[in-house]
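The values are calculated or read from the model by the stated rules, or taken from the named source; none is laboratory data. Fair warning: this is a prediction, and the values are worked out from it, not measured in the lab. Cβ placement follows ideal geometry from the backbone for every residue including glycine, while neighbour counts extend to all protein chains displayed.
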Amino acid sequence: MGWEVAENTVYDFSTRYVFFCNTVDEAFGPVFWLDCDSIGEFYDAWSEVNEGIDPRTIDSEALWDCIVNMKEYFGEDISDYREPTGEEE
C-alpha cells in the first residue's frame, strides 16, 4: 500500500514520470519531465525536497508545487512555473 513513480525515457536523454498508487494500480497527477538519472535518485530527492509528503494525500495544485520543487532540485529553471510574488525587484 503506497505510491510509486513510473518512468519513460524518450530519445535516450529525456525522462518523463507519472505517479501511481501501487495498491489499485491507478495513475494520478500530471505526466512530467525531470532531469533525473534513476528511480532511486527520484525517491531520494523526493524524500529530501518534499519530506514527509505522500503525493496521494494532496490536491493537484500542491502536487504540482512538489514537482516544481523537484525540478528546481535537479537544476531546471523554474521561473516559468512560479507565480510572481511582487517581491522581485
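Just a few scattered comments:
- When the residues of the stretch 35-52 are filtered to those that are outside any helix (DSSP H, G or I) and touching a helix residue (DSSP H, G or I) at 6+ places or on another chain (Cβ under 6 Å), the one that is surrounded by the most Cβ atoms within 10 Å (Cβ to Cβ) is Cys36.
- For the stretch 1-34, taking the residues that are assigned to a loop (DSSP other than H, G, I, E, B) and among the aliphatic types (A, V, I, L, M), the one that is surrounded by the most Cβ atoms within 10 Å (Cβ to Cβ) is identified as Leu34.
- Test: residue in the stretch 53-62 that is surrounded by fewer than 16 Cβ atoms within 10 Å (Cβ to Cβ), hydrophobic (A, V, I, L, M, F, W, C), at pLDDT 95 or above and over 12 Å from the mean Cα position of the chain (by Cα): yes
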